[in-house]
1. What ³J(HN,Hα) values, in whole Hz, does the Karplus curve 6.51 cos²θ - 1.76 cosθ + 1.60 give for segment 24-30 when θ = phi - 60°, with x put for Gly and Pro?
2. Only sites in a loop by DSSP and with at most 16 other Cβ atoms within 10 Å count here; which GluC sites (Glu not before Pro) in segment 175-210 make the cut?
3. Count the DSSP beta bridges whose two residues both fall in the chain, then state the antiparallel fraction as a percent rounded to the nearest 5.
4. Taking Cα atoms, how many degrees apart are the long axis of helix 191-215 and the longest axis of the chain, rounded to 10 and kept between 0 and 90?
5. Of LEU95, LEU237, LEU84, how do they rank once you tally other Cβ atoms within 10 Å and put the fewest first?
6. Amide H of ALA220: which non-local residues (sequence gap of 5 or more, or other chain) have their own amide H closer than 5 Å, using H built in the peptide plane?
7. Based on the Cβ-Cβ distance of ARG239 and ASN86, what FRET efficiency does E = 1/(1 + (r/R0)^6) give at R0 = 45 Å, to the nearest 0.05?
8. Classify segment 168-318 from the C-alpha gyration tensor, please: rounded if a/c falls under 1.5, else prolate or oblate depending on whether a/b exceeds b/c.
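FYI, it's all coordinate maths here, none of it is from the lab. What you see is a predicted model, and the numbers here were worked out from it, not measured in a lab. Cβ: placed from backbone, ideal geometry, glycine included. Neighbour counts: every protein chain shown.
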Amino acid sequence: MTPKQRMLAAYRGQLPDTVPVAPEFWYYLPARLLGLDMVTFEREVPLWEALLKTFRHYGTEGWGAVFAVPPAPDVTSSECWTDLGNGRFEARRTLRTPHGELTSCQAYDRHEPSWAVERPIKEFARDWPAYRAASLGCIEHTDWQPVNCALAAVGDAYLLEPWLGVPFFDYVATPREGGFEQGIFDLLEHEAFFTALHEEYLDYMRRLARAAAARTTAEAFCIGCSWSCVSLIGPELWRRWDKPVIRAVADELHAAGKLLHIHFHGKSRAVWTDLAECGADCICPFERPPGGDVTDLRELRNILGGRVTVNGNVHTVNTLIRGTPADVEREVGEIFAQWGSDKRRLILGTGDQVGVETPEENIAALIAAGRRLGACT
C-alpha cells in the first residue's frame, strides 16, 4: 500500500498492510528540515508542500491540511507589516465590510509560530455584524482549483485533507478580544444571539462540506480546534455547541462517500461515548497526561466500538523530547499491546506536533518500532 492508502484504510476500519506511522509534523519539523525561520515558513511556504517534503524525508504516513476560504462579498482587506527588531514582526490587518471596519494584529517570531495580539471583535454589538459578513463567505464562489492542484501534487505520498474550518466555540471565541475567557462570558450573556447564530453556522458548515465533497478530489476532510475541547469548555458546552457541528459535517460527507477527521486536543474521556456517536471517521491525537487523559487504549477502543479510528498517544514531550530511543520503543510497545491483535482502526501518531527539540534518533526509534510492531500481513 501507499502511505495515503494505509491512512484511508485505517479511516475506513479496514486492515492495512501495516499500521500507519503518522507523527504530527506541522510547523517545527518541516521548518527545521527546510532550514527556514518560522516567519518565512509561515508566510511563504504552502503547508501542504512542506509536509510533502517532510513525510518523504522520514518515510512515514501522515495527514496534512490544505485551505480554501469562501470569499466574502463587499469585504476588502489591507495589511501593514512592521519590523520590531530582534527577529520579531507585527502584521496589522484591517477588514472593511458593509457593517464597519475590523482591525486585528498578528505577531511573528523567527523561532515560533505566529500568535494573535489583537482580535477583531472588540465591542460585541458593534463588531459582530461586520465579522459575520467577513467570515461566512460565499461558498458558491469558492475557488477550489488550488486545493485540487495540491491534492494532485501530493498524490499518494500522504493523506492531504481540505480544511473545513472549526467547531462553533472556536468560531465565536477566536476572533473575540479576550479570547477564550471572553468567549465563555459571551455565550452566557448572549444566549439568544448565539442560538440563532448556531443555526446559521450549522447551515453554513453543511453547505461548505457539500461543496467541498462535490468540487474537490479529496477523499477525507478535516475540522480542527483550538479551544473547542473538553479541557477548556467542558463536556456540557462541547455537547451543546460543538458536537452538532461535527455531526452535521460528518453526515454531509458520508452522504457523498467521503470521510471526516477531527483534530481534538486535550482531555477527552468525559465525551468518549459522544465521540463514538458524532460521525467522525478518525479522531486525533488522544493525548496522554498531563495534556490529555488517555492512559489505556483498551478502554477507549471498547467505548468507540470500532466506529472511530484512533490516531496518536505517543507523548511528544516526556517521551520524544526528553526520553531515549528505548523510552520511545517502550511506549510504542505499550500502545500496540493495549490495542490488541486486531490492528484495524489504529494509527500510531503523536500527542501533538513533534517539537523542534526532538532528537532525530527518537524519531527514528518511533518509526522503526511502529514498522516492526504494526505489520498486519
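1. Per-residue couplings from phi come out as 7, 9, 9, 10, 4, 5, x Hz.
2. GLU177
3. 50 percent
4. Roughly 60 degrees, rounded to the nearest 10.
5. Placing the least packed residue first, the sequence is LEU84, LEU237, LEU95.
6. For ALA220, whose amide H was placed from the backbone, the distant partners under 5 Å are LEU259.
7. 0.50
8. oblate
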